[in-house]
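The values are calculated or read from the model by the stated rules, or taken from the named source; none is laboratory data. As the structure is a prediction and not an experimental result, all values here were calculated from the model. Positions of Cβ are backbone-derived with ideal geometry, glycine not excepted, and every protein chain shown enters the neighbour counts. Keep in mind that these areas ignore ligands, DNA and RNA; they rest on the heavy atoms of the full protein, side chains included. Shrake-Rupley method; radii C 1.70, N 1.55, O 1.52, S 1.80 Å.
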Amino acid sequence: MSRFVQKYEEWMQLNIEQEENPRRRELLEKGLGHGTVEFLRTIWFPTIQHFDHLYPEWEVRDFNNGFRYVDLAYMPGGVKGGIEIQGYGPHARDLDVRRSKDLCWRHCLLALDDWIFLPIPYLSIQDEPRRCQQLVLSFIGKFTSLDTPHALTSFEAETVRFARRLLRPFTPLELADHLRITDRHARRILYKLVDLEVMSVSSGNMRYRRYRLRTE
């Protein structure tokens, strides 16, 4: 049994055991959709390494006092982040006028209820996993600072946080501007983080040019 399967099954069982709402409990017992499981397996778990503060099939009220469900709710410290996996068929190819209006109202509901909403296309999970992993890191960064290795200096730890907030690779000069240090000092910091396997080189051969947070 892989580590993901073990942690996933423990997480799902814990959510089922703790849920007193019969509607959500029934959904959880049926199991999560294929797209959601693939997102957790290939994007979330390799990047975050745990399921803390993450709740599947989270129930929210709509304007008509009915119920809707967010694929994954991320709620550390009372803040609210919603992740939904959007398949090509129901969300694009087969989208009719009624469904389009309903999706817009759904997004309005979440926004007015102070949710930060993150829709993830299923095709991107398949075709652009690294990009999705960077997106998840930036999403997490909206709510909390992920732990950084204790051995890092203050500049190195801030470099990691800086990388988590970006959705793209960055240059040593960008880091130098952020930290208000010289370009040479920024390069030394990045070289060390690459050696520690915290950062990776995104482009450049003879002279490294762009860096990003290591996600695997």
Taking the chain and dividing mean pair separation by its residue count, relative contact order in percent (alpha carbons under 8 Å, at least six apart): 14 percent
Residue-normalised accessible area of the chain, expressed per residue, 1.4 Å probe, Å²: 58 Å²
Formal net charge of residues neighbouring G66 (Cβ-Cβ distance under 13 Å; K, R +1; D, E -1): +1
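Near V198, within a Cβ-to-Cβ distance under 10 Å, what is the net charge of the other residues, with Lys and Arg +1 and Asp and Glu -1?
-1
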Residue-count net charge about E17 - beta-carbon cut-off 12 Å; Lys, Arg +1, Asp, Glu -1: -3
29 Å Cα cut-off, lysine pairs counted over the chain (separation 8 or more, or different chains): 9
Reciprocal of mean inverse Cα separation for segment 1-58 (Kirkwood radius, Å): 11.8 Å
Interchain or long-range residues, amide H under 5 Å from S202's placed H: R210, Y211, R212
Protein accessible area in the chain, 1.4 Å probe - carbon and sulfur %: 50 percent
Compactness of the chain, expressed as Rg and Dmax over alpha-carbon positions, Å: 19.7, 61
Sparsely packed GluC sites (Glu not before Pro) within segment 1-83, loop by DSSP, other Cβ within 10 Å at most 10: E20
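Just for the chain, what percent of DSSP beta bridges are antiparallel, to the closest 5?
If we restrict to bridges inside the chain, about 70 percent are antiparallel.
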